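Heads up: the structure comes next, in structure tokens.
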Amino acid sequence: MKRFARTTLLAGIPFGLGMGVFYILLTGWHRGLSLALGSGSLFGLAMASFSANQRRRFAAQRPAYTEELVLHEGPANHFLNGEGVGGWIYLTPRRIMFVSHKINFQPHELSIALSDISEALPVMTAKCIPNGLRIITHSGRDERFVVVGRRKWCDVITNARKRLT
């Protein structure tokens, strides 16, 4: 329940603020504020419901994707050809694996062996949002993700890589 409320607020407040400016300019102060509160609340609830549904779906499907022990997992977007493809990211003792949602323009799976990773770095998405994860391989491949808890992801990847050696 705590995660649902947090997602509702983190999605709804920025959306409501942005829409508030639009609605106030369009309809005036009082009506605009009411519309902003309503749209922000509805958007936040919709995003929290979607996130909870995806979390349940991917948790139920996890055994089908990997027989490996899952060290860390969560929702993610993988940047591929200019699109942020939504899905789920897993860290196992051997690799990082991304599995996209079925409803995407570019559905795909990505697997990177931990032994191939040279760096895992927290980065800013769109130069201002602190939710990016950048994975650089020894061959120079550069993969970027949007994740929840980017620093935690970097730490667990670094610790998993240390256990390989």
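Structure data summary
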read-out: Out of Ala120, Ala113, Ala126, sole residue that is among the hydrophobic types (A, V, I, L, M, F, W, C) and buried (at least 20 other Cβ atoms within 10 Å of the Cβ); value: Ala120
read-out: Residue under evaluation Val85, criteria (1) in contact with a Gly (Cβ under 9 Å, 6 or more places away or on another chain); (2) crowded, with 18+ Cβ neighbours inside 10 Å; (3) of a type in the set (Val, Ile, Thr), criterion not met; value: (1)
read-out: Residue in the stretch 60-81 that is out of contact with any helix residue (DSSP H, G or I) (no Cβ under 7 Å at 6 or more places or on another chain), among the polar types (S, T, N, Q) and part of a helix (DSSP H, G or I) present; value: yes
read-out: Evaluation of Ser100 against (1) touching a helix residue (DSSP H, G or I) at 6+ places or on another chain (Cβ under 8 Å); (2) open to solvent by less than 20 Å² (accessible area, probe 1.4 Å); (3) not charged (D, E, K, R) (one fails), failing number; value: (1)
read-out: Pair list, Cβ under 9 Å, 6 or more apart: the stretch 1-13 residue farther than 22 Å from Ala36 by Cβ, other residue open to solvent by 50 Å² or more (accessible area, probe 1.4 Å) and in a helix (DSSP H, G or I); value: Arg3/Arg55
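The values are calculated or read from the model by the stated rules, or taken from the named source; none is laboratory data. What you are looking at is a predicted structure, and each value in this text was computed from that prediction instead of being measured. In this analysis, Cβ positions are derived from the backbone assuming ideal geometry, glycine residues included, and neighbour counts consider all displayed protein chains. Heavy atoms of the whole protein, side chains included, go into the accessibility calculation; ligands, DNA and RNA do not. Shrake-Rupley method; radii C 1.70, N 1.55, O 1.52, S 1.80 Å.
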